[in-house]
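Quick one: the structure is below, questions incoming.
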Amino acid sequence: MSDANKLSGLQLRSLISTEGQLELSLARVDVPEPGPDQVVVKVEATPINPSDLGLLTGPADLSKATSTGSGDDVKVTAPVSAAALPFLATRLGESLPVGNEGAGTVIKAGSSDAAQALKGKLVSMVGGSMYAQYRLLNARDCQPLPAGTTAAEGASWFVNPLTALGMTETMKREGHKALVHTAAASNLGQMLVKICNEDGIGLVNIVRSAEQAKLLKGIGAKHVVDSSTATFNDDLVQALVETGATIAFDAIGGGKLASQILTAMEIAINKTATTYNRYGSSVHKQVYVYGSLSTGPVELSRNYGMAWGVGGWLLTPFLQKIGRPDQLRLRERVVNSLKTTFASHYTRTISLPEALDLQNLTAYAKRATGEKFLINPNKA
């Protein structure tokens, strides 16, 4: 192909310098011709998830962010504290593409049957580097979307839906019968409510306001407890008694909430105990931290016996653990219910340059409930 016909497109990049400065910019990159098992997708929708912000902005202080240039030449800079730099050693000085998932139309396909079968189709995709106008990737990382589905509807098909399904799968595999979810009014949390209702799984939703509680009850949540109320601990224990939940997935991370959940689980278990055990109940209680809405330390006050665990949970290792057949089973469930159980709702759709507008950046970096942004990299 001649240089004149070579495909190129904008790509959003994030760099943290060794001096401790975040730099966000747009780079124009050439798109290689697809190999036999590859396709080129014109990206039409890609969401800004909390998991994307970890790479996009890192620990930078966005209250001190400044912007220069405009349009395709816009650049945002913000300081990163010296204390954070040792934890970022492997990315310092590296200009990294961002965006975990997205959807778009396959405009070029390699020679293999799998690649050719996708040509011209609207697909959802996963594999990173989605905040770009074009994405070259393996055909197996694409999921054809059903007729009548839009790119916006298919863009958030992977991270939130499979995380929610991963929670119920983990619950079953580890021998629990019901679960607890924090920051439960999130987009992901709403999906989890629908999944648990469909599958008959007991779910305790922990929220932070009466408005969030009303939202979840409005979509069918049976057990919702508000951590901002004076009766929170008693309400949580009662919900745990009614559901028998002994595993929790915590999006908050820092603070005392994980410990409060473990304590409430122990109290709930002991309400039906017939004998005293000085080491606490023998029922294992588990909290998995899967998010970092609070980046402070996890504070544990150990008054829940010895049968407990606190650990991290991440989608990618979970999917690797369950293997390809079960991955495909979960993916099919998501794609078949994109307009219902796994529907995502967005506050705004923005272009790549608009993603680096300081006002937009500040808004989506808050990770506020009900404030979800979608990028259309090819938006005019």
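Tell me, which residue of segment 335-360 that is at pLDDT below 95 and aliphatic (A, V, I, L, M) is surrounded by the most Cβ atoms within 10 Å (Cβ to Cβ)?
Here the answer is 338.
On to the next question. Please go through segment 256-294 and pick out each residue that is surrounded by fewer than 17 Cβ atoms within 10 Å (Cβ to Cβ) and modelled with pLDDT of 95 or more.
Those that are surrounded by fewer than 17 Cβ atoms within 10 Å (Cβ to Cβ) and modelled with pLDDT of 95 or more: 256, 284.
Condition first: in a strand (DSSP E or B) and open to solvent by less than 40 Å² (accessible area, probe 1.4 Å). Can you find one or more residues in segment 1-8 that meet it?
Yes, segment 1-8 contains a residue that is in a strand (DSSP E or B) and open to solvent by less than 40 Å² (accessible area, probe 1.4 Å).
Among (1) modelled with pLDDT under 95; (2) open to solvent by 50 Å² or more (accessible area, probe 1.4 Å), where does residue 138 come up short?
Looking at each condition in turn, residue 138 falls short on (1).
A follow-up question, please. Which of the following residues is within 26 Å of residue 156 (Cβ to Cβ), out of contact with any Pro (no Cβ under 9 Å at 6 or more places or on another chain), open to solvent by 10 Å² or more (accessible area, probe 1.4 Å) and without any contact (Cβ under 8 Å) to a residue 60 or more places away in the chain: 297, 325?
Going through 297, 325 in turn, the sole match is 325.
Under 6 Å by Cβ, and 6 or more places apart or on different chains, what pairs join a residue from segment 213-238 that is touching a residue at least 24 places away in the same chain (Cβ under 8 Å) and closer than 19 Å to residue 201 by Cα with one that is open to solvent by 50 Å² or more (accessible area, probe 1.4 Å) and of a type outside the set (Gly, Ala, Ser)?
Within 6 Å, the pairs are 220/197; 224/217; 237/267.
Only one residue in 104, 154 is touching a residue at least 24 places away in the same chain (Cβ under 8 Å), open to solvent by less than 20 Å² (accessible area, probe 1.4 Å), in a helix (DSSP H, G or I) and of a type in the set (Gly, Ala, Ser), so which one is that?
154
While we're on this one: Show the residue pairs that are 6+ apart or on different chains and have beta-carbon atoms under 9 Å apart, the first residue being within segment 131-144 and in contact (Cβ under 8 Å) with a residue 12 or more places away in the chain and under 13 Å from residue 155 (Cα atoms), the second being in a strand (DSSP E or B) and of a type in the set (S, T, N, Q).
Partner pairs satisfying both residue conditions: 131/11; 131/46; 142/124; 143/124; 144/124.
Another question, then. Identify the single condition in (1) more than 28 Å from residue 222 (Cα to Cα); (2) open to solvent by 20 Å² or more (accessible area, probe 1.4 Å); (3) modelled with pLDDT of 95 or more that residue 173 does not satisfy, given that it satisfies every other one.
The single condition residue 173 does not satisfy is (1).
Just wondering, is there one or more residues in segment 62-74 that are open to solvent by 70 Å² or more (accessible area, probe 1.4 Å) and under 27 Å from residue 289 (Cβ atoms)?
Yes: one or more hits.
Taking the criterion of being assigned to a strand (DSSP E or B) and more than 30 Å from residue 161 (Cβ to Cβ), would at least one residue in segment 292-311 satisfy it?
yes
Turning to a different aspect of this structure: I'm told residue 143 meets every condition in (1) modelled with pLDDT under 95; (2) out of contact with any strand residue (DSSP E or B) (no Cβ under 6 Å at 6 or more places or on another chain) except one. Can you identify the failing condition by its number?
(2)
Looking at 171, 130, 167, which one is under 17 Å from residue 322 (Cβ atoms) and either assigned to a loop (DSSP other than H, G, I, E, B) or in contact with a Phe, Trp or Tyr (Cβ under 6 Å, 6 or more places away or on another chain) (or both)?
Criteria check complete, one pass: 167.
Evaluate the following for residue 80: is it among the hydrophobic types (A, V, I, L, M, F, W, C), in contact (Cβ under 8 Å) with a residue 40 or more places away in the chain and under 18 Å from residue 354 (Cβ atoms)?
No, not satisfied.
Tell me, which residue of segment 110-127 that is open to solvent by 20 Å² or more (accessible area, probe 1.4 Å) and outside any loop (DSSP other than H, G, I, E, B) is nearest to residue 148 (Cα to Cα)?
This residue is 122.
The values are calculated or read from the model by the stated rules, or taken from the named source; none is laboratory data. What you see is a predicted model; the values in this text were computed from it and never measured. So basically every Cβ, Gly included, is an ideal-geometry build from the backbone, and we count neighbours across all protein chains shown. With ligands, DNA and RNA removed, areas are computed over all heavy atoms of the protein, side chains included. Shrake-Rupley method; radii C 1.70, N 1.55, O 1.52, S 1.80 Å.
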